[in-house]
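Worksheet for the structure shown next.
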């Protein structure tokens with residue numbers, strides 16, 4: 001009888017955000033599939049667990065997927081984790097998941113931390129609907145073109161990026177949406193340096209430059225066509 005593949009959400013920063021169920025699944029799984037060995041070992045050490053680790057990232061997903069599928073087909077239970085948060089959002093694992101589903105493997109979600117939902121929950125924006133744009137192209141011209149395209153989407157736009165592109169993303173977004181476009185930057189959520197900056201894209205950029213901020217972030221741009229102005233008090 002084949003084993004199961006568990007998709008396990010892990011903390012986005014503060015290790016105390018791990019769920020009881022995630023700990024149970026990780027402790028009972030036969031092996032753990034991870035994006036990066038260093039990050040996985042850090043989490044497992046915090047949980048006082050020792051597990052066989054198999055990496056699955058952009059460099060080895062095609063190569064390692066058959067071995068993982070074979071183990072699961074032979075009855076092993078596997079837990080897939082990303083470096084942080086809920087796997088499968090701009091993370092490796094889609095080839096593995098497609099193969100597991102094609103073989104009839106039961107795939108079980110273990111919900112938990114997500115930078116996307118955490119950021120939205122404290123944004124103060126109306127989030128009945130939003131547009132998850134994910135990660136932008138690396139090349140400047142392609143990124144600018146994508147931001148111009150997104151400027152026509154009249155919703156709250158959600159962007160993710162690496163820490164060292166924070167300033168350039170705010171600058172380029174200001175060019176595409178207008179420097180006065182209202183936005184929220186959720187920075188280093190759940191960590192000691194956590195900040196939630198609200199205001200115009202130019203104002204947030206100025207704050208980032210002033211404090212030399214460089215960390216994980218979620219950028220939310222309020223591009224709704226009929227955004228209601230804040231009431232003055």
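Taking the Cα of residue 28, stepping 7 Å toward and past its beta carbon, and measuring to each backbone N in segment 101-138: which are under 16 Å?
Taking a point 7 Å out along Cα→Cβ of residue 28, the residues of segment 101-138 whose backbone N falls under 16 Å are 106-111.
What does the C-alpha gyration tensor say about the overall shape of segment 1-86? Classify as rounded when a/c is under 1.5, otherwise prolate if a/b is larger than b/c, or oblate.
Numbers: a/c = 2.04, a/b = 1.36, b/c = 1.50.
Here segment 1-86 falls in the oblate category.
I want the antiparallel fraction of DSSP beta bridges within segment 115-222, as a percent rounded to 5. Walk me through the intermediate numbers first.
Details: 17 of 22 bridges.
Percentage antiparallel, nearest 5: 75.
Please give the calculated 222 nm ellipticity per residue for the chain, where each DSSP H segment of at least 4 residues contributes -39500 (n - 2.57) and the sum is spread over every residue; nearest 500 deg cm²/dmol? Please report the intermediate quantities before stating the final value.
Details: 8 runs with 84 residues, N = 233.
Helix contribution divided over all residues of the chain: -11000 deg cm²/dmol.
By count of other Cβ within 10 Å, fewest leading, how are 162, 127, 10, 65 ordered? Intermediate results must be reported in sequence, preceding the final value.
Numbers: 162 12, 127 15, 10 26, 65 21.
Lowest to highest Cβ neighbour count: 162, 127, 65, 10.
Considering only the chain, what is the antiparallel percent among its DSSP beta bridges, to the nearest 5? Display every interim value, and only then the final one.
Details: 18 of 38 bridges.
Antiparallel: roughly 45 percent of the beta bridges in the chain.
Rounded if a/c is under 1.5, else prolate if a/b is larger than b/c, else oblate: which is segment 29-126, with a ≥ b ≥ c the root eigenvalues of its Cα gyration tensor?
Details: a/c = 1.97, a/b = 1.47, b/c = 1.33.
Judged from the Cα gyration tensor, segment 29-126 comes out prolate (a/c at least 1.5, a/b above b/c).
Which order results if 69, 7 are arranged by neighbouring Cβ count within 10 Å, fewest first? Walk me through the numbers on the way to the answer.
Working: 69 20, 7 23.
Least to most surrounded, the residues fall as 69, 7.
Give me the angle, in degrees from 0 to 90, between the Cα long axis of helix 61-73 and the longest principal axis of the Cα atoms of the chain, rounded to the nearest 10.
50 degrees
Any chance you could give the angle, 0 to 90 degrees and rounded to 10, that helix 37-46 forms with the longest Cα principal axis of the chain?
It works out to around 80 degrees.
Expected output is a single nm value to one decimal: the length gained when fully extending between residue 74 and residue 175, i.e. 0.36 nm times separation in residues minus the C-alpha distance. What is it? Intermediate values should be presented prior to the final figure.
Working: separation 101, 0.36 × 101 = 36.36 nm, distance 5.39 nm.
Answer, rounded to one decimal: 31.0 nm.
Which distance in nm do the two modelled labels at residue 142 and residue 164 give, with both placed 7 Å along the Cα-to-Cβ direction?
Computed distance between label sites residue 142 and residue 164 equals 1.8 nm.
Please work out the Cα center distance from segment 106-167 to segment 10-45, rounded to the nearest Å.
24 Å
Full extension from residue 36 to residue 152: what is 0.36 nm times the residue separation minus their Cα-Cα distance, to one decimal in nm?
Value of the extension gain: 38.1 nm.
Rounded, prolate or oblate: pick one for segment 107-150, where a ≥ b ≥ c are the square roots of the eigenvalues of its C-alpha gyration tensor, a/c under 1.5 means rounded, and failing that, prolate if a/b is larger than b/c, else oblate.
Numbers: a/c = 2.78, a/b = 1.59, b/c = 1.75.
Oblate, since a/c reaches 1.5 and b/c is not below a/b.
Highest GNM mean-square fluctuation, the chain, Cα pairs closer than 10 Å: which of 20, 177, 217?
Maximum fluctuation in the GNM of the chain, among the listed residues, is at 20.
Which of these, 63, 155, 28, has the largest mean-square fluctuation under a Gaussian network model of the chain (Cα springs below 10 Å)?
Highest fluctuation among the options: 63.
Nearest 10 degrees, 0 to 90: what angle lies between the long axis of helix 140-150 and the longest principal axis of the chain (Cα atoms)?
The two axes meet at around 80 degrees.
Taking springs between alpha-carbon atoms closer than 10 angstrom, which of 115, 202, 168 fluctuates most in the Gaussian network model of the chain?
168
Between residue 195 and residue 129, what FRET efficiency follows from the Cβ-Cβ distance if R0 is 30 Å, with the result rounded to 0.05? Working shown, then result.
On the way: r = 26 Å, r/R0 = 0.86.
Once the sixth-power term is evaluated, E becomes 0.70.
For segment 84-118, list residues with backbone N below 19 Å from a point placed 7 Å from the Cα of residue 52 toward its Cβ?
So the set is 96-97, 100, 105-106.
Every number in this text was worked out from the coordinates using simple rules, so none of it is lab data. For clarity, every value in this text was computed on a predicted model and none was experimentally measured. Neighbour counts are summed over all protein chains in view; Cβ atoms, including those assigned to glycine, are modelled from backbone coordinates with ideal geometry.
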